[in-house]
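The values are calculated or read from the model by the stated rules, or taken from the named source; none is laboratory data. What you see is a predicted model, and the numbers here were worked out from it, not measured in a lab. When we count neighbours, we look across all protein chains shown, and the Cβ atoms used for this are built from the backbone with ideal geometry, even at glycine.
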Amino acid sequence: MTPDELSQLSVEERERQQGFEHCLNVCTAASCLSSGAEEVKKGLTTAVKEKGLREKCRIRGAGCMGLCSSGPLVALDPEDVLYQHVGVDDVPEIVESLDTQPVPRLLCDTTIPFFQRQKKIVLENSGRIDPERIEDYIAVGGYRSLARVLTEMDPDEVVQEIVNSGLRGRGGAGYPTGLKWGTVAKATGAEKYVICNADEGDPGAFMDRAVLESDPHRVLEGMTIAAYAVGATQGYIYVRAEYPLAIKRLRQAIKQAQRLGLQGDRIYETPFRFTVDIRLGAGAFVCGEETALIASIEGGRGLPRPRPPYPANHGLWGCPTLINNVETFANVAAILREGAGWFSSIGTEKSKGTKVFSLAGPLSRYGLIEVPMGISLREIVFDIAGGLPDGKSFKAVQTGGPSGGCIPARHLDTSVDYESLRELGAIMGSGGMIVMDESSNMVDVARFFMEFCMTESCGKCVPCRVGTYQMHTLLDRIYNRQGTKRDLELLSELCEVVRETSLCGLGQTAPNPVNSTLRYFRDEYEERLVSDGVRGPSGDPLAQVEMTP
Amino acid sequence: MTHKSIPTPDSFTLRIDGTDVVAQVGQSILEVAQDHNIGIPTLCYLEGLTPWGGCRLCLVEIKGSGRLLPACSTLATEDMDVTTTSPRIERYRRTIVELLFSERNHICAVCVSNGNCELQTLAQEMGVTHVHVPYRYPTLLVDSSHDGFRLDHNRCVMCTRCVRVCEEIEGAATKGVGGRGIDSMIINDLNEPWGESDTCTSCGKCVSVCPTGALTEKGTTFADMAKRRERRELLPYLTQTREGRR
Ligand SMILES: Cc1cc2nc3c(=O)[nH]c(=O)nc-3n(C[C@H](O)[C@H](O)[C@H](O)COP(=O)(O)O)c2cc1C
Ligand code: SF4
Ligand code: SF4
Ligand code: FES
């Protein structure tokens, strides 16, 4: 396919779609599917067929629409109507009313801040296109950035554009993406690789899954542009095996792209070639760490190794390797389409663009949101999510999962950007955001995350392997009102040692939830302490270890 | 292989603890330090085996790097400024040794390696006399199924020296790590009793590299174990043979 043929295909597909009077988009992302979206979609298809409306009405399975708390969701195009909590029983009424007034009972108000305060880049197509059809993606302008990159830009220019955009990694650490691309581009090696990290392991987080399920071509296009920029010919997407729908859609998407000559040899009839293969995650959280992920793709045990050397110079099979998160890649095509200047005009000085969060907790509305960097936590919790229902009061918001921290009410006006969150002892993380009300005990919260780190520690290094176990024991002891002041001090000491001496990010950040709850909710620890004397202040002497001199 | 201070085209200088030292391209910080008699504690490292970086005892400060880095698996580079010890690093090292003691059942008085144990020596050298963290007291097995050797999980520190020597030097790959986190264990083949392994050649290399009393020869006495140290000298020789084969 040539770029001209792409434009042609795009026009044809749009015309085909405009041939329908109505398009009913049924969310078929995981959350709506689990509440019966597939049945609704089937019901709608049958009803439309029975009524002889097939020429007039298109029923389309679409990606995540965000408001998972109100699923299953059905959106009507071009009426711009959103139905919530749709059941199979509602199908006749919906079809009946297509040419008249919408069904008031099912209407979801789309003027609420949940929709109005968001800014969609990564999720711009999510819920609006059929993720299983490449034509849908092409109709909304997909693969056009790749065409322009391959025919009009040098690799250096692409890297420079990403540098100028200010994009930073969305996998957690926020490393400048352009800088990383530049390093890989400059590195020398027989081969170079591009890896997309879709191992998403934070408990409760599902941003990457939603992107892959809703708009898989967007990630492939981003990876292909990256491959051109850094000089790679082979790519891998490392996906959690627990994401069967995302895997299925990615497989489909890769086949479709190959069919149209958007992957493989001579992409857009240029000398550039690039192929993406899927690798399934071994199921351990630590496999999301880049060096462990690489070891796992190489067929070894997914264990981290010391860095430096960094994967950018010494990655997969010892070759220079670019590794980015799903959401990072999902920003790329939009940046090249709209320009670095556009992207960097969104957000704060050091954090550009948007961030996708999976919002959970006792909230009026929750689900998947994309917000501009720099928005305040208060706006997210009280405007977008509509606050806490039933008179519950806000206590803390947790970001960054097991590597992050809890932010109390008095810091709700903090801007959501990498630096501000870090200053508060939390982190941006990959996008998990959990709101807690008064009923949450912070020692318990810290214990929960420590238990996660303890069970997910790979065991390679001593401070993480034994340290997380010991910290969990101490937290458990304190929570059960058996801990002493000395135990609390010991906990703090271990936090420091584990943070400073662990091999990989898992151990290095495992103390964060403890440190942040100690910082803001110390009283909850102290009120559980019992007086000293249970164990001596100097601990157990190395009695068993009768050493020979 | 001595290259203490003779400059060659492949040599460069760096600073360790305030002294300029000469290093060869490709050497780790630990190797350079050892060449210049600068002591850095180690446990998982063993000359001749691929560095592992797991025990974290060899962590050193490198000027300009925000994190402490393991000397055994960090390449020395020109003009690096390394500090091998400080009160902070020593405190961390002591805590790591304490964590190791707390992890399993190290009852030295009844161990054949008493007096020849690297963990014990580290504790003595660092002045670890108390374990401040709670002991875990796990219930662990002793695998005595092999005719000549014994694997006592109670005394294993998971340094993986045995795993690496078995794979890299002997080429048998009998030993591996099973489980994860605090439940990690040394296993034979696919977690079979050692005596039933069809890959084990009974070469005894794992026993000779084990820093503690976890791997021992059956029927050994304290004096026999002391000889183990000497046998370890075998390894650099074996490594050279291995490199020659490549
Ligand atoms: C324990 C651990 C788990 C991680 N899991 C993930 C993950 O699931 N997805 C991800 O993109 N990055 C994860 N990371 C971060 C990666 O190591 C790496 O920094 C990231 O993929 C780089 O991509 P980015 O620059 O686009 O963020 C993890 C890091 C650690 C230490
Ligand atoms: S920090 Fe934890 S997860 Fe990372 S290498 Fe060490 S033991 Fe493994
Ligand atoms: S058995 Fe010995 S050599 Fe093997 S991991 Fe345990 S302590 Fe190390
Ligand atoms: S000797 Fe370097 S980490 Fe163990």
Requested in this report: Those residues that are in contact with a Lys or Arg (Cβ under 8 Å, 6 or more places away or on another chain), part of a helix (DSSP H, G or I) and closer than 14 Å to residue A:257 by Cα, I need them from region A:267-293; list them, please.
Outcome: A:267
Requested in this report: Give the number of residues within region B:41-67 that are among the hydroxyl-bearing types (Ser, Thr, Tyr) and either more than 9 Å from ligand 4 (Cβ to nearest atom) or assigned by TED's automatic domain parsing to the domain that holds residue B:205 (or both).
Outcome: 2
Report summary line: Within region B:107-127, the residues that are at the interface with chain A (Cβ under 7 Å from one of its Cβ atoms), of a type outside the set (Gly, Ala, Ser) and assigned to a loop (DSSP other than H, G, I, E, B) are B:107, B:114
Query - Those residues of region A:494-512 which are within 14 Å of ligand 1 (Cβ to nearest atom) and touching a strand residue (DSSP E or B) at 6+ places or on another chain (Cβ under 7 Å), in sequence order - result: A:512
Query raised in the report: Residues of region A:455-467 being in a helix (DSSP H, G or I), more than 23 Å from the chain's Cα centre (by Cα) and either at the interface with chain B (Cβ under 7 Å from one of its Cβ atoms) or among the β-branched types (Val, Ile, Thr) (or both), which ones?
Result: A:462, A:463, A:465, A:466, A:467
Query raised in the report: Which condition breaks for residue B:201 when tested against (1) within 14 Å of another protein chain (Cβ to nearest Cβ); (2) assigned to a loop (DSSP other than H, G, I, E, B); (3) modelled with pLDDT of 95 or more?
Result: (1)
Requested in this report: Only residues that are within 14 Å of another protein chain (Cβ to nearest Cβ) and farther than 26 Å from residue B:101 by Cβ: list them for region B:169-190, please.
Outcome: B:173, B:190
Requested in this report: Only residues that are under 24 Å from residue A:448 (Cβ atoms), in contact with a helix residue (DSSP H, G or I) (Cβ under 7 Å, 6 or more places away or on another chain) and either among the hydrophobic types (A, V, I, L, M, F, W, C) or within 16 Å of ligand 4 (Cβ to nearest atom) (or both): list them for region A:168-205, please.
Outcome: A:205
Report summary line: For region A:164-181 the number of residues that are over 15 Å from residue A:223 (Cα atoms) and free of Cβ contacts under 8 Å to residues at least 40 places away in the same chain is 3
**Report entry** Residue among B:102, B:73, B:65, B:113 that alone is within 15 Å of the chain's Cα centre (by Cα) and hydroxyl-bearing (Ser, Thr, Tyr)
**Finding:** B:73
Query raised in the report: Mind checking whether some residue in region A:468-479 is away from every other protein chain (no Cβ under 14 Å), surrounded by fewer than 24 Cβ atoms within 10 Å (Cβ to Cβ) and at pLDDT 95 or above?
Result: yes
Query raised in the report: Residue check: is residue A:356 surrounded by 23 or more Cβ atoms within 10 Å (Cβ to Cβ), under 17 Å from the mean Cα position of the chain (by Cα) and assigned to a helix (DSSP H, G or I)?
Result: no
